[in-house]
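Everything below concerns the one structure shown next.
The values are calculated or read from the model by the stated rules, or taken from the named source; none is laboratory data. Because the structure is a prediction, the values reported are computed rather than measured. Cβ coordinates were reconstructed from backbone atoms using ideal geometry, including for glycine residues, and neighbour counts include every protein chain displayed.
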Amino acid sequence: MRVDRVGFTSVKGTRHTVRDEIELDADGAVGDRLFCAVDLERRRVLRTVQNPSLVGVRSRWDGTRLEVTLPSGEVGAGTPAGTGEHVACDYWGRSVELSVQDGPYAALFSSYLGFPVVLAEAPRAGVIYGNPVSIVTTATLAALGDHLGGADLDPARFRATVVLDAGDRPFLEEEWLGRELRLGTARVRLAAPIPRCAVIDLHPDTGERDGRLLKGLATLRPESGPDGPVCGVDAHVTVPGVVRPGDPVGLLD
């Protein structure tokens, strides 16, 4: 078994970006969903399923500088700095304390989305649904693609932290729940299957709804749980480390 690809996005809901490597610590991938767009009037973190055009936006954080690029090519870049305003916002029914950020980002997102939005910094793993690391295998994606008539599915639709090449057996990752995986120099413990929503039906570069993956997944896996059809698993980090494509993967007792 080996790591096929790794990735995340720096601003929640924006385009999932493939990386050359990721660093995992106790809170997941360093830099993953560190920022989020917020509707201050409603005190809500913007979610992709309700704001699919966010997927068309590219974001890149290098630890100091955040660059946001709209589909038009317009760029907002700089070093975010807190305005001193802290707000408690709803995220999937729970309250998250966020720090509003200065810079060109509020105007950029607001003009793009068509309503007032600010950029906020989130606590680590604060705007992540479930455990901070998500994992899916290439065989699982291939099985869903075959079920949909031989479609070649872009793994970015599933926005996984780590995609594994673990052979030809689909949904094998679900059999590892409760066990540890060695990924590069890191270790994670697999926790739960991931219920999927309509986000997987969005084109991973544009956010346009162009697929019927969710319906296909439901018919492929009618035994899925009450929260919807599942695909992939989430995990928490037990040993920090670095993960790169091509790294060997070990299943530990």
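Some points to look at:
- Extreme residue, surrounded by the fewest Cβ atoms within 10 Å (Cβ to Cβ), among residues of segment 9-68 that are touching a Cys at 6+ places or on another chain (Cβ under 6 Å) and aliphatic (A, V, I, L, M): V49
- Filtered residues of segment 162-188 (kept if of a type in the set (D, E), without any contact (Cβ under 8 Å) to a residue 40 or more places away in the chain and under 23 Å from G225 (Cα atoms)): E175
- The criterion of at least 3 residues that are of a type outside the set (V, I, T) and closer than 30 Å to G82 by Cβ is met, among strands (runs of 3 or more DSSP E) falling completely within segment 110-165, by 118-121.
Let's see how each residue does on (1) farther than 22 Å from N131 by Cα; (2) in contact with a Lys or Arg (Cβ under 6 Å, 6 or more places away or on another chain):
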site	(1), (2)
V6	no, yes
D20	yes, no
G56	yes, no
D62	yes, no
V68	yes, no
Y91	no, no
R94	no, no
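- For T48, the test of being within 12 Å of the chain's Cα centre (by Cα), under 21 Å from Y105 (Cβ atoms), free of Cβ contacts under 8 Å to residues at least 60 places away in the same chain and in a loop (DSSP other than H, G, I, E, B) is failed.
- Tally of residues being in contact with a helix residue (DSSP H, G or I) (Cβ under 7 Å, 6 or more places away or on another chain) and either of a type in the set (A, V, I, L, M) or assigned to a loop (DSSP other than H, G, I, E, B) (or both) across segment 1-35: 4
- Among residues of segment 106-125 that are in contact (Cβ under 8 Å) with a residue 60 or more places away in the chain, those with a beta-carbon under 6 Å from a residue that is surrounded by 21 or more Cβ atoms within 10 Å (Cβ to Cβ) and assigned to a loop (DSSP other than H, G, I, E, B) at least six positions away or on a different chain give the pairs F109/V117; A125/P132.
- Those strands (runs of 3 or more DSSP E) of segment 52-92 in which 2 or more residues are without any contact (Cβ under 8 Å) to a residue 24 or more places away in the chain and touching an Asp or Glu at 6+ places or on another chain (Cβ under 9 Å) occupy 82-91.
- Count - residues of segment 153-205 that are out of contact with any strand residue (DSSP E or B) (no Cβ under 9 Å at 6 or more places or on another chain), buried (at least 16 other Cβ atoms within 10 Å of the Cβ) and charged (D, E, K, R): 0
- When residues of segment 208-226 are limited to those that are of a type in the set (D, E, K, R) and in a loop (DSSP other than H, G, I, E, B), the one nearest to V55 (Cα to Cα): E208
- Evaluation of V68 against (1) within 21 Å of G103 (Cβ to Cβ); (2) at pLDDT below 95 (one fails), failing number: (2)
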